[in-house]
Amino acid sequence: MLRTLAVALALANVLFFGWVQGWFGPPPRAAEREPARLAAQLRPESVTILPAKAAGAAVRAARVAATQCLEAGPFVESEIAAAEAALAAAPLAEGSWTRESVWPPPAWLVYTGKAADAASRRAREAELRKAGMTFETLDSPPELAPGLVLSRHATQAEAEAALAALAGTPVKGLRVAVLSAPPPQLWLRVPSADAPTQARLRALPAAALSGGFRPCATPP
């Protein structure tokens, strides 16, 4: 009896060894062993082993690349408090967002001059229409209004060039004037928003945030 049991146990061991070695077909978990695992690699030549310091730097760089600069605006002074309250309720980490003031540039005008009264302005309008010129009415600021504007320009040089181009027209008395810049525009900016922060910002009510957060026009 013991001899039979010993023979059966030895035979079972031989069969198990043969099964593991693949004598009767692919061995169990063969794809996880060599050489099958090496054969399954995709572009193994592209794998680079980095020292620990370099690997840490690569991980930090990847995290920075995953962040995005987002901003909302523009706001006027009376709107900014409600917008900042919406950010505080998000909530965002203290110091993760800033308020930015953007000063629009002044506009340079080719301009008829300030009219003395309504009759003078109507006469000037008729003169411009007769010459085939388009214009807009300027109702502010008081030092320039009422007046008529033939064109607007980003720089004084551009306005002077536009005025010079009108030298041969029958309309006289045109000049260049500067229209002072309007009050600054206020923006709320999150310069480094990670994925969870981006999701929280985009979930905020757009009506309180001038249309909501979007990628920064001029990233920091």
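Listing for the model above:
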item	result
Residue count for region 64-77, restricted to those that are assigned to a helix (DSSP H, G or I) and either at pLDDT 55 or above or surrounded by 11 or more Cβ atoms within 10 Å (Cβ to Cβ) (or both)	1
So Ala118, is it closer than 28 Å to Thr218 by Cα and surrounded by fewer than 14 Cβ atoms within 10 Å (Cβ to Cβ)	no
Residues (exposed (fewer than 15 other Cβ atoms within 10 Å of the Cβ) and more than 35 Å from the chain's Cα centre (by Cα)) located in region 135-147	Thr137, Asp139, Pro142, Glu143, Ala145
Selection from region 151-210 of residues that are of a type in the set (Lys, Arg), outside any strand (DSSP E or B) and under 17 Å from the mean Cα position of the chain (by Cα)	Arg200, Arg202
Search result, residues across region 148-177 that are of a type in the set (A, V, I, L, M, F, W, C) and either surrounded by 12 or more Cβ atoms within 10 Å (Cβ to Cβ) or outside the structural domain of Ala119 (by TED's automatic domain parsing) (or both)	Leu148, Val149, Leu150, Ala159, Ala161, Ala162, Leu163, Leu166, Val171, Leu174, Val176, Ala177
Count - residues of region 190-203 that are surrounded by fewer than 20 Cβ atoms within 10 Å (Cβ to Cβ) and in contact with a strand residue (DSSP E or B) (Cβ under 8 Å, 6 or more places away or on another chain)	3
Tally of residues being in contact with a helix residue (DSSP H, G or I) (Cβ under 8 Å, 6 or more places away or on another chain), not in a strand (DSSP E or B) and not polar (S, T, N, Q) across region 96-150	4
Number of positions in region 151-175 that are under 11 Å from Leu109 (Cβ atoms) and among the aliphatic types (A, V, I, L, M)	4
Pair list, Cβ < 6 Å and 6+ apart or interchain, from region 132-153 residues that are small (Gly, Ala, Ser) to residues that are surrounded by 12 or more Cβ atoms within 10 Å (Cβ to Cβ)	Ala145/Leu138; Gly147/Tyr111; Gly147/Thr112; Gly147/Lys114; Gly147/Leu138; Ser151/Val110; Ser151/Ala162
Gly56 being modelled with pLDDT of 90 or more, surrounded by fewer than 17 Cβ atoms within 10 Å (Cβ to Cβ) and over 20 Å from the mean Cα position of the chain (by Cα)	no
Residue list for region 78-90, restricted to those being part of a loop (DSSP other than H, G, I, E, B) and within 21 Å of the chain's Cα centre (by Cα)	Ala90
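The values are calculated or read from the model by the stated rules, or taken from the named source; none is laboratory data. Because the structure is a prediction, the values reported are computed rather than measured. In this analysis, Cβ positions are derived from the backbone assuming ideal geometry, glycine residues included, and neighbour counts consider all displayed protein chains.
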